[in-house]
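Working notes, structure below.
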Amino acid sequence: MSNLRWQHLLASAALTFPVLLAACRPAAPAPATGGNTSAVNAPTASTTSAAPASYDHVDNAIATDRTGKGGTLIVGMSAGNIPYPNTPPNEGYEGTRFVGNQIYDELTPVNYDQGDSVPVPGPGLATDWAVGDDKLTWTFHLRQGVKFHDGTEFNADAVVFNFDRLLNKDFPYFDATAAASNGFNLLKVDTYRAVDPYTLEIKTKSPYSFLPWDMSHMMIASPTAVKTYGVEEYIKHATGTGPFKMTKYIDGQVMELDPNENYWGGKPKLDKLILRPMPDPATRLAALQSGEINWAEVPPPDSVDQLSKQGFNVILKQYPHTIIFALNTYDKPFSDIRVRQALQYAIDREGMCTALLRGLCMPASQYLYPGHPWFDPQLGTTFHLDVNKAKQLLADAGYPNGFKMSIAYPTGGSGNMWPGPMMELVQTNFKAVGIDLQLVPLEWNNFITLFIGGFSDPANKKYDAVYISLAPDAPPFTFQSFTSDGLPPNGCCNATGYVNPKVDELVHQAQNEFDAQKQDALLQQAQGILASDSSFTFAVHDLNLRVLSQKVRGFMPSRSWFADLRNVWVKP
Amino acid sequence: MLGILMARRLVAVVPALLGVSVVIFVMIRVLPGDPLATLLGAQGSNPADRAILARTLGFDEPMPLQYLHWLGRLLTGDLGFSYVRHYAVGELIGAAIGRTAVLAGAGAVIGLVTGIGLGTAAAFRPGRLLDRAVSALAITGMSVPSFWLGILLIILFSATLQWLPASGMAELADGPADFLAHLIMPALANAAITIGLTARTTRSSLIETYGEDFVYTLRAKGLSDAQILRHVAKNAAPAILTMIGLQVGYLLGGSVLVETIFAWPGLGNLIYTAILARDLILIQSSLLVIAVTFILLNLVVDMLQIVVNPRVRRLASA
Amino acid sequence: MAVIELLAPLEQRDEIGAIRPRSYYREVGERLRGDPVALGSLAVVVVIFGSAIGAPLLTTYDPLQGSILARLLPVGSDSHILGTDEQGRDMLARLLYGGQLSLFAGIAPVVISTAIGTIIGAVAAYFGGVVETLLMRAMDVSYAFPALLLAIGIAAALGPGLTSTIVAITIVLIPPVSRVALSATRQVVVQEYVEAASVAGASPRQIIQYQLLPNIASPIFVYTSGLIGLAIVSASGLSFLGLGSAPPAPEWGAMLNTMRGSVYVAPDVVALPGLMIFVTSVAFNVLSDCLRDALDVKSV
């Protein structure tokens, strides 16, 4: 047989590949055509009073199943590596979720086991706390009888040690990287001291009612462990008071945790918790389907229908996570509010959430979502797709033929949803109103440099906007992003340069207001003005997609970025 | 004589290493973006904290001083501490290189054995069916993008047949079956190019050698096929040896794509994520380790050539 | 030109029976024409090129726009013969237009590195001594790194984009080309005609340009044509890692990257760009092999 014949055979074999692979295509229903979505994704009637159609998808029977215990939970994280167990861990909120909150406790953690209410700081390592009449001196009474995993006592001195470790540059155990990551949590802390073994006193620099929020992020590590192993080696022996103890940690591969028998909040039901990094979504999907893991963070959106059919537990829950475009308000065209508002009317959020992302997000019209205490009901869902309105606004502002703009978005990092496909859709949307949107993918590091530097930095002026995934319920960071306190170079992270004295005033009042309801009212007002001023273009809210094997029971997702694993158990 | 040749080769390595270290140092300082940005994170921090961090990491020193400090620490065996991963660089690289070596080793074994076997089989009957088939297969192996092959393997063996796990690496200590199951697909994806190149080189080298005069002489002398093969193999060895050296080098470092798809925690993956995270300390030292490995590898191959091939010996001493 | 006539191996008899020189290249052409494999791979290459350049004529779909309601349609769908991608864009259109980008990303570096590498190698071999040592040691530095890592580092340093990919791969290819040029020039530089030219008063530049370069052209050509397949695969590899053209550019490697999440849901469509890379690479490699056989040059 001649060589040519073999080349022919090879070529035809190669060309039959697609046909063969089509046979491998799983028998799922055709992707959404004509707006029809599967049962998983359609918004259902709300069961809570205030909120409109709920985007949640939680199997209550499984979530509240407390009938068993034991089993091993194996989590496939979207992070590229195991978050290192420092205070806090890296890899963003995913590190906090699976490592930080499991190994460590905080003074006033938010309650992550709540089903439908928005979590707020509650008792943790502190049992109660109060602010004095001067509004600056806080007294925390600490929980007694708590031990670190290494058996040493938890007390006020331990907390002071942790403060020193993060704030005191001359402290022999000062940890520079942990200090940098805790920068925001400790911004308002002036002094701290142990009044007696179980009483801690913290003084703030100015009246600041959100101190418990800040303290909810500060993880307490065992002073003995830090002293024994030193700053650099400590993380290999990370020790806290949390529900899980670290038993195995191989960088790049795996972390294993065992339940803490003496946990003050009740021993977790699991026999073991195993964490694996799986940054490739397709790989995570395969691992879940083959049983290698039984909890997959954010599998590919297109696979959700299929997974649902195969009997997996798809979990979606509204929580404060908003995808926004931060606009350069220093220069044209976005110095003009009409242009900014035009963008709000140009995005097809419904299309993005139903057709592109198959029900895995909900349209955002403000920083928070309807039903959240900081959502302004007066402004409501004013911002929705309205191509004519957008064109009108652009024409009024002097851009009847649109204009060119560029937007930078991250290609990596967890918790960003799916910037690539989402931005490509927005590109199409903008084209319909005459805006030529140029997409600039940036790797994570460059992206953060851009965000921290802000648009006041001349180097960043070549971009007109930045795609950012933000937690709008994380004071003080949240406030910094839209008040004058956060303007670079002295502050962080107001990249847009937006300042509205009214908003500043409302936020400062809220920080001065120690009554929760009044606080909420002030912030609601502030958020309404912020939304209307549109320095942020609101795209969508994430719904915290994760898919679990049906055998994993007892996990009640909360309205937050974080997870309580104490009641989780795995059926054999 | 041989010893002097080898010593000379060894000495020539030093300036190469120094030059490489300077190039590495300069190249990664050129990377855009603030190297501390990833450490600080999106929630940012205030400038005072950043300044402290910069001082701790030594980023506020002038460049030449940073370079000298780095070189000094290297000579004492200290590869540095990665603040991004919060681990000593030496440990990270040590672990990663071991894992890449496992993958590269498996790829090398599969690739070289298959390649040499196929190439030899093809060389025996040049122009016939087997030869054509091997040539076609070799070209296929050489041309296939390794990342695409990896995806196809995962589709077939993980998603559809569910025979093999889709990603990750299992420790040998956890059981040989699990270990092999995780190893086989990435090794195959890695080995495709090796199979192709090795088969071709073996085949052409053997055919060429078989066609040389001395083979006729040997046949005339009445040696059996097997004995002739031994002589031929010795003569064909140098070219094949060079190929093996190149392939092992490629497998060691060029596996970034395969490691990314299969989440194999090896050196390629380490460096790639380090570049993305601007983990300058880790990038510097890893690249240097790789460079040293390559240079040493080339050295070993060259030395072997000197030993095995009298012609090279003569040329080298000329 | 004098050089080519000196190389003419065969002659033909003309009208009065005297021997007429026959072009070397004519002979090569004839050898190629007789080889069916060469013709086959040449045909494939021509088809790929032609379809890429002629993309606007072959499809009316816009490769950059699609309807998200028609996402991930399978191969063989009614209105989309090769299906659609994750944004609903027609795959055939994207593959055709993508061919422009991918071919360019593969061929440009080879062309540029051939030019630069040849000059470096030829100059080094001609002058020898210190010049050669300096130039070749500089080239050696890149041999200390795995090619792909070097390319990734360069592309990362320059920021993602088509230009960065091309620059990175060019830099990576220059040293091997220069080595080939070096050893080819070494063989040519000892020939008598070079000595003759030098004695006749030709300057080094003239010798390099008229004596050396044309004579090393064929081994270099063979070597670098074999690099095209590798360059195309490498360029798509860099795009796959996110260092290549920005979306919505339909570069083949970038397409594999963006569709990767749908690999279990729509494997047929996801495999297509990889298939194109594969077929293109095979075609170029086979063609380069046949060229080598036809030019009768042993690998250097």
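Readers should treat all values here as calculations from the given coordinates under stated rules, not as data from a laboratory. These numbers come from a predicted model, not from an experiment. Cβ atoms come from the backbone with ideal geometry, glycine included; neighbour counts cover every protein chain shown.
Determine the principal axes of the Cα atoms in region A:131-205, then give the extent along each, sorted from largest to smallest and rounded to whole angstroms.
37, 29, 18 Å, listed from the longest principal axis down.
Along Cα→Cβ, 7 Å out, is where each label goes; now give me the distance between the ones at B:Asp78 and B:Leu129 in nm to one decimal.
Each label point is offset 7 Å from its Cα along the Cβ direction, giving 6.8 nm.
Between rounded, prolate and oblate, where does region C:152-300 land on the alpha carbon gyration tensor, with a ≥ b ≥ c its root eigenvalues, rounded for a/c under 1.5, else prolate if a/b exceeds b/c?
Verdict is prolate for region C:152-300.
Hey, which lysines would be in cross-link range of A:Lys147, C-alpha to C-alpha under 19 Å, not counting anything within fewer than 8 residues on its own chain?
Partners found: A:Lys227, A:Lys245, A:Lys267.
Which Cα, out of B:Ala133, B:Gly111, B:Pro64, lies furthest along the positive dipole direction of region B:44-134 (beta carbon charges, K/R +1, D/E -1)?
B:Ala133
Measuring from centroid to centroid over Cα atoms, what is the spacing of region C:225-300 and region C:133-150 in Å?
Result: 24 Å between the Cα centres.
Compute the convex hull volume of the Cα atoms of region C:182-231, divide it by the residue count, and report the result per residue in Å³ as a whole number. Could the numbers behind the result be given before it?
Values: hull volume 3.5 nm³, N = 50.
With only Cα atoms used, region C:182-231 gives 70 Å³ per residue.
For chain A, take the convex hull of the Cα atoms, compute a quarter of its surface area, and give me that in nm², please.
Numbers: hull surface 122.7 nm².
Result: a mean projected hull area of 30.7 nm².
What does the extension gain come out to for B:Thr217 and B:Arg29, with contour length at 0.36 nm per residue minus their alpha carbon separation?
Details: separation 188, 0.36 × 188 = 67.68 nm, distance 6.10 nm.
Fully extending the segment from B:Thr217 to B:Arg29 adds 61.6 nm.
What percent does the relative contact order of region A:217-373 come to when contacts are Cα pairs within less than 8 Å and at least six residues apart?
Worked out over region A:217-373, it gives 10 percent.
Would you please give the residues with an amide H less than 5 Å from that of A:Val110, counting only those at least 5 places away or on a separate chain, with H modeled from the backbone geometry?
So A:Val110 has HN proximity to A:Gly122.
C:Ala200 to C:Val46: FRET efficiency via 1/(1 + (r/R0)^6), r the Cβ-Cβ distance, R0 60 Å, to the nearest 0.05? Could you put the intermediate results ahead of the total?
Values: r = 43 Å, r/R0 = 0.72.
The pair C:Ala200/C:Val46 has a calculated efficiency of 0.90.
Which FRET efficiency value, to the nearest 0.05, is calculated for B:Leu172 and A:Tyr229 with the Förster distance at 25 angstrom and r the Cβ-Cβ distance?
On the way: r = 29 Å, r/R0 = 1.14.
Plugging the Cβ-Cβ distance into 1/(1 + (r/R0)^6) gives 0.30.
Please state the charge dipole magnitude for region A:353-441, taken about the Cα centre, from unit charges on C-beta atoms (+1 on K and R, -1 on D and E), reported in debye and rounded to the nearest 20. Please report the intermediate quantities before stating the final value.
Details: 5 positive and 5 negative charges, 30 e Å.
With only Lys, Arg, Asp and Glu charged at Cβ, the dipole is about 140 debye.
Can you grab the distance from the C-alpha centre of region B:268-297 to the C-alpha centre of region A:401-430, Å, no decimals?
Comparing the Cα centres of region B:268-297 and region A:401-430, I get a distance of 32 Å.
With a point put 7 Å past each Cα toward its Cβ, work out how far A:Asn512 is from A:His237 in nm, to one decimal.
Each label point lies 7 Å from its Cα, and together they span 5.0 nm.
Exactly which chymotrypsin sites (Phe, Trp or Tyr not before Pro) in region B:107-206 are in a DSSP loop and have at most 16 other Cβ atoms within 10 Å?
The qualifying sites are B:Trp163.
Just to compare against my own numbers: the Cα pair-distance distribution for region A:332-395, 10 Å bins, whole % per bin, please.
Spelled out per bin, shortest first, that is 22, 41, 33, 4.
What does the convex hull of the Cα atoms come to per residue for the protein assembly as shown, in Å³? Write down the numbers at each step before the final one.
Numbers: hull volume 240.3 nm³, N = 1190.
Residue-normalised Cα hull volume stands at 202 Å³.
If you place +1 on the Cβ of every Lys and Arg, -1 on the Cβ of every Asp and Glu, and leave all else neutral, what size is the dipole of chain B about its Cα centre, to the nearest 20 Debye? Mind dumping the intermediate values first?
Working: 21 positive and 17 negative charges, 249 e Å.
Magnitude of the dipole: close to 1200 debye.
Given labels modelled 7 Å from the Cα in the Cβ direction, how far is it in nm from A:Lys462 to A:Asp271?
Taking the two extended label points, one gets 5.6 nm.
Using a Förster distance of 45 angstrom, determine the FRET efficiency expected from the C-beta separation of C:Arg31 and C:Ser67, and round it to 0.05. Please list the in-between numbers first.
Working: r = 51 Å, r/R0 = 1.14.
Between C:Arg31 and C:Ser67 the formula returns 0.30.
Using helices alone, what [θ] at 222 nm do you get for chain A, with -39,500 (n - 2.57) per DSSP H run of 4 or more residues, divided over all residues and rounded to the nearest 500? Write down the numbers at each step before the final one.
Values: 16 runs with 158 residues, N = 572.
Theoretical 222 nm ellipticity from helices: -8000 deg cm²/dmol.
For A:Gln550 and A:Gln438 in one chain, what is 0.36 nm times their gap in residues minus the Cα-Cα distance, to one decimal in nm? If you can, show how the numbers build up before the last one.
Values: separation 112, 0.36 × 112 = 40.32 nm, distance 4.29 nm.
Roughly 36.0 nm would be gained on extension.
Name the shape class, rounded, prolate or oblate, that the alpha-carbon gyration tensor gives for region A:419-526, where a ≥ b ≥ c are the square roots of its eigenvalues, rounded holds for a/c under 1.5, and otherwise prolate holds if a/b is larger than b/c and oblate otherwise.
Numbers: a/c = 2.36, a/b = 1.74, b/c = 1.35.
Here region A:419-526 falls in the prolate category.
Starting with the fewest neighbours, write out A:Arg546, A:Arg66 ranked by other beta-carbon atoms found within 10 Å of each beta-carbon.
On the way: A:Arg546 21, A:Arg66 11.
Least crowded to most crowded, the residues run A:Arg66, A:Arg546.
Taking the number of other C-beta atoms within 10 Å as the exposure measure, put B:Leu304, B:Leu112, A:Leu450, B:Leu129 in order starting with the fewest.
Working: B:Leu304 17, B:Leu112 22, A:Leu450 26, B:Leu129 11.
Sorted ascending by nearby Cβ count, the order is B:Leu129, B:Leu304, B:Leu112, A:Leu450.
A:Glu350 to A:Thr72: extension gain in nm, 0.36 nm per residue of separation minus the Cα-Cα distance? Display every interim value, and only then the final one.
Values: separation 278, 0.36 × 278 = 100.08 nm, distance 3.85 nm.
Result: 96.2 nm gained on full extension.
Helices from chain B with mean Kyte-Doolittle at least 1.6 and a Cα length along the axis of 27 Å or more, per DSSP H: which?
Values: long enough: B:2-29 (42 Å, 2.04); B:89-124 (50 Å, 1.54); B:176-210 (44 Å, 0.62); B:225-253 (39 Å, 0.74); B:280-308 (41 Å, 2.36).
Both cut-offs are met by B:2-29, B:280-308.
Rounding to the nearest 10 and keeping the result within 0 to 90°, find how far the Cα-based axis of helix C:24-33 lies from the longest principal axis of chain C.
Taking the Cα atoms of chain C, the angle to C:24-33 is about 40 degrees.
Quick check on the exposure proxy: order B:Thr242, A:Thr87 from fewest to most C-beta atoms within 10 angstrom.
B:Thr242, A:Thr87
Where the centre of each part is set by its Cα atoms, how far does region C:31-84 sit from region A:475-505, in angstrom?
52 Å
How high is the relative contact order of chain B, in percent, counting Cα pairs under 8 Å that sit 6 or more residues apart?
Working: 329 pairs, mean separation 84.7, N = 318.
Averaging sequence separation for qualifying contacts and normalising by length gives 27 percent for chain B.
Give, rounded to the nearest 20 debye, the magnitude of the charge dipole that the protein assembly as shown has about its Cα centre when Lys and Arg contribute +1 at Cβ and Asp and Glu contribute -1 at Cβ.
Details: 81 positive and 94 negative charges, 640 e Å.
In total the dipole reaches around 3080 debye.
Restrict the search to region B:172-261; then list the GluC sites (Glu not before Pro) that DSSP places in a loop and that have at most 15 other Cβ atoms within 10 Å of their Cβ. The partial results should precede the final answer.
On the way: sites: B:Glu208, B:Glu212, B:Glu259; in loops: B:Glu212.
The qualifying sites are B:Glu212.
Pull out a ≥ b ≥ c, the square roots of the eigenvalues of the alpha-carbon gyration tensor of chain B, then state rounded if a/c is under 1.5, prolate if not and a/b is larger than b/c, and oblate in the remaining case. Walk me through the intermediate numbers first.
Working: a/c = 3.08, a/b = 1.56, b/c = 1.97.
Judged from the Cα gyration tensor, chain B comes out oblate (a/c at least 1.5, b/c at or above a/b).
Kindly give Rg over Rh for chain C, based on alpha-carbon atoms, with the Kirkwood expression for the hydrodynamic radius.
Details: Rg = 23.1 Å, Rh = 21.5 Å.
Here the Rg-to-Rh quotient is 1.07.
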